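Bear in mind that the values in this text are calculations on the coordinates, not laboratory data. Note that the structure is predicted; figures quoted are calculated from it, not measured. Ideal geometry is used to build each Cβ from the backbone, glycine not excepted, and the neighbour counts take in all protein chains shown.
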Amino acid sequence: MKNKMIVGITRNNTIIVAKVENKKYFSVSFDELIPQKIDDDMIDERIDEIIEDLSSQYDDNIDKTREVINNEYDNYGIEGLFDISLYPYSFTFKEEEIYFISGGCGQIDKRDNIAVYEDKSITDRIFQLWDKYHLKKVDNVEIRDLFYDIEKNNSRKDFDSVMESLAGKILKK
């Protein structure tokens with residue numbers, strides 16, 4: 001996790017995580033995660049959405065389609081219905097299971113939409129160096145210091161616990 005840094009919460013109640021790398025070149029990408037309680041009603045709604053989408057694409061037996069989707073859920077759990085691939089972790093909040101739905105990833109620039117920063121100083125440097133060096137081969141003190149500070153920040157805090165705390169702030173609203 002040393003290359004991942006939790007940026008914070010957006011005004012749209014999503015959580016942004018930066019992934020910083022410097023292998024062949026310096027790069028930063030971002031994951032946008034939506035904390036979401038997933039209960040039986042939401043699962044049923046999602047199955048209905050999938051059936052509606054598929055029925056508009058294929059003239060197929062709806063009962064058979066529902067059976068296939070239910071099998072996906074039985075075999076793969078939540079991951080069979082919702083994209084939680086960016087952060088496949090869940091926790092219990094107020095007796096409900098909370099997952100992090102994938103909202104987007106890649107070169108998404110949300111810096112003007114951050115409402116709550118996890119560590120504004122490091123985040124500002126990530127954005128500054130992203131602007132300055134993205135996709136460039138570079139090995140300098142600025143980059144090394146950034147990686148050191150990310151690693152130091154992550155060693156002081158448990159990543160999953162911070163994610164739970166930020167999700168809790170969002171879900172209390």
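Of K157, K110, K132, all but one fail to be farther than 20 Å from E21 by Cβ and basic (K, R); the exception is K157. The residue that is nearest to Y117 (Cα to Cα), among those in the stretch 9-21 that are of a type outside the set (S, T, Y) and crowded, with 19+ Cβ neighbours inside 10 Å, is I9. In the set I108, I114, I98, I84, only one residue is farther than 14 Å from P35 by Cα, surrounded by 17 or more Cβ atoms within 10 Å (Cβ to Cβ) and not basic (K, R); that residue is I114.
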